[in-house]
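Chemist: Could you have a look at this structure, given as structure tokens, before my questions?
The values are calculated or read from the model by the stated rules, or taken from the named source; none is laboratory data. Note that the structure is a prediction, hence the values are computed from the model and not measured. As a convention, Cβ positions derive from the backbone with ideal geometry for all residues, glycine included, and neighbour counts pool all protein chains shown. Surface areas here come from the heavy atoms of the whole protein model, side chains and all, with no ligands, DNA or RNA. Shrake-Rupley method; radii C 1.70, N 1.55, O 1.52, S 1.80 Å.
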Amino acid sequence: MFEVATPVGVARVTLRRATTVPARAWFVASHGAGGGIEARDLAALAAALPARGVHVALVEQPWRVAGRRLAPAPKTLDAGWLPVLAEIAGRNPQGLPVFGSGRSAGARVACRTAGETEVAGVVALAFPLHPPGRPERSRLAELLGAGVPTLVVQGERDTFGGPDEFPADGPTVLRVPFADHGFAVPKRAEITQEAALALITAGVGDWLVAASTRE
């Protein structure tokens with residue numbers, strides 16, 4: 001774990017290094033507006049990706065480190081993210097491809113800053129395509145504006161936008177059956193919670209490996 005000074009406070013990074021040699025990539029991910037890096041999808045990815053040669057850096061935004069309950073404005077979130085990516089670049093002497101990621105609001109940050117941070121790609125976990133019940137307030141332009149290869153991981157029951165709401169000619173979409181915005185699945189679903197998380201970790205891992213190879 002290490003801290004990074006940013007213009008909006010101190011960010012905290014929990015690092016899990018790849019357990020295979022040589023490593024192939026970095027996966028840098030932040031949390032959403034309503035939770036931290038303990039989110040089930042982030043925790044599962046941090047546990048699974050190192051075995052596939054990926055360094056995982058889970059980023060706690062400064063507002064969260066400071067103990068505040070409410071996330072700040074988007075520009076403040078971006079300001080808390082950019083120095084972390086610069087720090088990761090400094091810890092990457094091999095020049096491995098770095099992929100930006102986040103869940104929900106964190107996914108929006110990764111997309112908005114993809115060009116400035118020069119990431120090799122973005123993994124958008126539970127991208128909030130629109131507010132619940134307000135499809136006319138689409139954030140699709142923000143997602144497409146990343147300008148890099150993008151994987152969207154979306155639950156079928158996500159009220160912020162389901163998998164079928166993303167354009168067929170847009171980013172790659174990994175559908176998670178029965179899952180909601182937090183990737184929780186009902187106990188009576190045809191898929192278990194463990195299976196849903198395994199689908200996410202396998203799908204993200206496969207995509208990262210393929211994208212790293214293209215690099």
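Chemist: If ligands, DNA and RNA are left out, what is the accessible area of E165 with a 1.4 Å probe, given in Å² to the nearest 10?
Modeler: About 90 Å², ignoring ligands and nucleic acids.
Chemist: Let me ask you something else. Take every Cα pair under 8 Å in the chain that's 6+ residues apart, average their separations, divide by the length, and report that relative contact order as a whole percent.
Modeler: Taking the mean separation of contacting Cα pairs over the length of the chain, I get 18 percent.
Chemist: Additional query: Using the Cα centre of the chain as the reference point, and only Cβ charges (+1 on K/R, -1 on D/E), how large is the resulting charge dipole? Debye, rounded to the nearest 20.
Modeler: Magnitude of the dipole: close to 460 debye.
Chemist: Quick one: how many Å² of T14 are accessible to a 1.4 Å probe, rounded to 10?
Modeler: So the heavy atoms of T14 present about 30 Å² to solvent.
Chemist: Restricting to DSSP loop positions (anything but H, G, I, E, B) with no more than 15 other Cβ atoms inside 10 Å of their own Cβ, which trypsin sites (Lys or Arg not before Pro) remain in the stretch 62-119?
Modeler: Answer by residue number: R68, R69, R91.
Chemist: Whenever you get a sec, line up E194, E142, E118 from highest to lowest accessible area (probe 1.4 Å, protein heavy atoms).
Modeler: Numbers: E194 135, E142 40, E118 155 Å².
Ranking E194, E142, E118 by accessible area, largest first, yields E118, E194, E142.
Chemist: Of the DSSP beta bridges with both residues in the chain, give the percent that are antiparallel, rounding to the nearest 5. Intermediate values should be presented prior to the final figure.
Modeler: Details: 10 of 35 bridges.
So the antiparallel bridges amount to about 30 percent of the total.
Chemist: Tell me, what is the per residue accessible area of the chain in Å², probe radius 1.4 Å?
Modeler: 45
Chemist: Over the stretch 111-215, what is the mean sequence separation of C-alpha contacts under 8 Å (at least six apart), divided by residue count, expressed as relative contact order in percent?
Modeler: Value for the stretch 111-215: 23 percent.
Chemist: Springs between alpha-carbon atoms under 10 Å, Gaussian network over the chain: tell me which of G170, G147, G205 tops the mean-square fluctuations.
Modeler: Greatest mean-square fluctuation among the candidates belongs to G170.
Chemist: Summing -39500 (n - 2.57) over the DSSP H runs of n ≥ 4 in the chain and dividing by its residue number, what mean residue ellipticity at 222 nm do you reach, to the nearest 500 deg cm²/dmol?
Modeler: Computed ellipticity for the chain at 222 nm equals -9500 deg cm²/dmol.
Chemist: Quantify, in whole percent, the carbon and sulfur part of the accessible surface of the stretch 155-194 (1.4 Å probe; protein heavy atoms only).
Modeler: Carbon with sulfur: 51 percent of the solvent-accessible area.
Chemist: What is the chain by shape, rounded, prolate or oblate, if you read a ≥ b ≥ c off the alpha carbon gyration tensor as root eigenvalues and call it rounded for a/c under 1.5, prolate for a/b larger than b/c, and oblate otherwise?
Modeler: Here the chain falls in the rounded category.
Chemist: What does a probe at E165 reach in the stretch 99-119, counting residues whose amide N is under 15 Å from the point 7 Å along Cα→Cβ?
Modeler: Correct set: 104-105, 108.
Chemist: What does the charge add up to near A124, with Lys and Arg as +1, Asp and Glu as -1, over the other residues with Cβ less than 14 Å from its Cβ?
Modeler: Neighbourhood net charge equals +1.
Chemist: Mean separation of Cα pairs under 8 Å and 6+ residues apart, divided by the residue count of the stretch 10-121: what relative contact order is that in percent? Could you put the intermediate results ahead of the total?
Modeler: Working: 197 pairs, mean separation 39.5, N = 112.
Dividing the mean separation by the residue count of the stretch 10-121 yields 35 percent.
Chemist: Heavy atoms of the protein only, probe of 1.4 Å, neighbouring chains included. What is the accessible area of L82 in Å², nearest 10?
Modeler: Roll a 1.4 Å probe over it and L82 shows about 50 Å².
Chemist: A further question follows. Using a probe of 1.4 angstrom, how much of the accessible area of the stretch 1-59 is carbon and sulfur, in percent? Display every interim value, and only then the final one.
Modeler: On the way: 1340 of 2410 Å².
Answer for the stretch 1-59 is 56 percent, counting heavy atoms of protein chains only.
Chemist: Take E60, E156 and sort them by solvent-accessible surface of the protein heavy atoms, 1.4 Å probe, largest at the top.
Modeler: I get E156, E60, largest accessible area first.
Chemist: Where the centre of each part is set by its Cα atoms, how far does the stretch 129-161 sit from the stretch 1-66, in angstrom?
Modeler: 22
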